[in-house]
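Single-structure report; data block below.
Just so it is clear, none of the values below were taken in a lab; they were calculated from the coordinates. Please read these numbers as outputs of a predicted model, since none were measured by experiment. We place every Cβ from the backbone using ideal geometry, glycine too, and count neighbours over all the protein chains shown.
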Amino acid sequence: MGPTVLGVLLLAGVVAAVYFIYTSAVAGGVEEAEGRPVGVEVVRGDTLSTVAEKLERAGVIQSALIFKVEARVDGNSDTSIKTGRYTFDPGTDTDAILSKLTAGRAVPSVSVTLPEGLTLQETVRTVAEGTEIPAWEFESAARRTDYGYAFLENDAIETTEGYLFPRRYDFEEGVTAPQVVDRMLGQYLTETEGLDIAGAKRRLNLTEHELVTVASLIERESANAGERPVIASVIYNRLRKDMPLQIDATIQYALKRPKESLSYADLRVDSPYNTYENTGLPPGPICSPSLQSLQAAMDPARTDYLYYVLKANDEEHFFTADYRAFLREKKEAGR
């Protein structure tokens with residue numbers, strides 16, 4: 001018997017042994033997978049290992065380890081797998097999965113890119129332009145909160161505003177509005193897993209919804225990423241002093257249409273989102289914040305600043321605790 005044949009037999013024996021151990025360990029402890037097809041996205045940079053883990057998490061396969069060993073036996077490598085979004089039935093065998101992945105037979109898809117800081121209405125328009133979903137249908141789905149996520153289980157939350165996480169998404173053609181919303185909510189959950197939300201809630205005495213609201217204010221107010229924690233500090237300093245936040249972005253949100261400059265009449269708009277007329281935070285987020293803004297909301301800078309104004313260069317804010325200094329800078333900036 002040649003060494004090559006012996007090596008293959010030994011590897012096959014290892015596969016069989018690992019499979020036996022794995023199935024013995026999970027026998028009776030894993031419920032029968034539901035028969036619905038599930039989507040798995042393969043992106044640039046994915047390896048055989050990361051794809052195997054995605055397949056296991058999606059419930060397509062029971063063991064990423066077994067899948068990887070079988071794939072290696074069949075001579076498949078990281079470079080064999082093509083990017084794209086694929087649909088598989090739970091329980092599909094390894095050969096069939098690899099055949100689809102290596103042939104690049106991904107399902108037809110559409111792409112939607114959500115920039116940071118979009119309002120729900122802006123998100124509705126973006127999704128409608130990138131898919132075949134009518135705007136009214138997506139808006140209806142986005143105004144529901146019954147998607148099974150704990151972060152939406154708050155009586156103060158009436159829509160998914162603030163939780164439709166900004167990034168590029170690839171969807172299968174024919175995707176439904178609730179599926180798109182669910183994917184974006186799931187992305188929020190994934191992106192925020194590394195944040196100390198529980199600790200921030202205790203330190204700042206705020207709910208997660210209030211933290212997301214603060215993050216949305218930071219997102220719309222900051223001129224650059226570096227000043228986001230400082231913007232956060234101003235918001236919290238004013239809240240502690242029971243001062244109106246006086247954030248122009250909330251007026252723009254209340255008006256439901258962007259304006260280059262706000263009038264004094266605009267600042268008196270009758271809305272709970274009017275932070276000139278009302279103290280405290282607005283009822284909810286005014287946009288979908290980035291991860292950086294969420295981080296700033298949970299870990300603000302320590303300052304005594306109470307005021308800020310955008311400088312004439314439109315690239316950064318002037319911060320101060322002195323109202324007269326604020327007025328001087330505001331005049332110099334022509335605001």
Exercise. How large is the dipole of region 36-107 about the Cα centre if only Lys and Arg carry +1 and Asp and Glu carry -1, each at its Cβ, rounded to the nearest 20 debye?
Worked result: 260
Seminar exercise, completed: Charge tally for neighbours of residue 183 with beta carbon under 13 Å away, counting Lys, Arg as +1 and Asp, Glu as -1, is -2
For this session: Return one number: the angle in degrees, 0 to 90 and rounded to the nearest 10, between the long axis of the Cα atoms of helix 208-221 and the longest principal axis of the Cα atoms of the chain.
Result: 70
Exercise. What is the magnitude of the charge dipole of the chain about its Cα centre, with +1 placed on the Cβ of each Lys and Arg, -1 on the Cβ of each Asp and Glu, and no other charges, expressed in debye to the nearest 20?
Worked result: 860
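For region 198-291, state which trypsin sites (Lys or Arg not before Pro) are in a DSSP loop and have at most 15 other beta carbons lying within 10 Å of their beta carbon.
Sites meeting the loop and neighbour criteria: 241, 256, 259.
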Exercise. In nm, to one decimal, how far is the residue 109 label point from the residue 241 one, both placed 7 Å along Cα→Cβ?
Worked result: 5.0
Seminar exercise, completed: Among 298, 243, 184, the residue with the largest mean-square fluctuation in a Gaussian network model of the chain built from Cα contacts under 10 Å is 243
Problem set entry | GluC sites (Glu not before Pro) within region 215-278, DSSP loop, no more than 15 other Cβ atoms inside 10 Å | 260
For this session: Show that you can apply the helix-only estimate: for the chain, add -39,500 (n - 2.57) for every DSSP H stretch of four or more residues, divide by all residues, and state [θ] at 222 nm to the nearest 500.
Result: -14000 deg cm²/dmol
Problem set entry | Among 63, 39, 96 the positive-end extreme of the charge dipole of region 36-107 (Cβ point charges) | 39
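Under 18 Å between C-alpha atoms is the cut-off here; go through the chain and count lysine pairs that meet it, provided they're at least eight residues apart or on different chains.
Lysine pairs, 8 or more places apart or on different chains, close enough: 8.
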Problem set entry | Angle between the chain longest axis and helix 48-58 axis [Cα atoms, degrees, rounded to 10] | 80
For this session: Treating only the Cβ atoms of Lys and Arg (+1) and Asp and Glu (-1) as charged, compute the dipole magnitude of region 109-191 about its Cα centre; round to the nearest 20 debye.
Result: 120
Exercise. How high is the FRET efficiency between residue 267 and residue 322 when r is their beta carbon distance and R₀ equals 30 Å, given to the nearest 0.05?
Worked result: 0.85
Exercise. Roughly how many Å is it from the Cα centre of region 198-250 to that of region 268-297, as a whole number?
Worked result: 8
Seminar exercise, completed: Helix 120-130 sits off the longest principal axis of the Cα atoms of the chain, rounded to the nearest 10 on a 0 to 90 degree scale, by 40
For this session: Return the FRET efficiency for the residue pair residue 196, residue 102: r is the Cβ-Cβ distance, R0 is 30 Å, and the value is rounded to the nearest 0.05.
Result: 0.15
For this session: Using only C-alpha positions, report the orientation-averaged shadow area of the convex hull of the chain, nm², one decimal.
Result: 22.1
Exercise. Sorting 286, 235, 66 on the 10 Å Cβ count, fewest up front, what's the list?
Worked result: 66, 235, 286
Problem set entry | Karplus (6.51, -1.76, 1.60) ³J(HN,Hα), θ = phi - 60°, over region 285-292, in Hz, Gly and Pro reported as x | x, 10, 5, 8, x, 6, 4, 5
Exercise. Simple spin-label model, 7 Å along Cα-to-Cβ: residue 173 to residue 95 in nm?
Worked result: 3.0
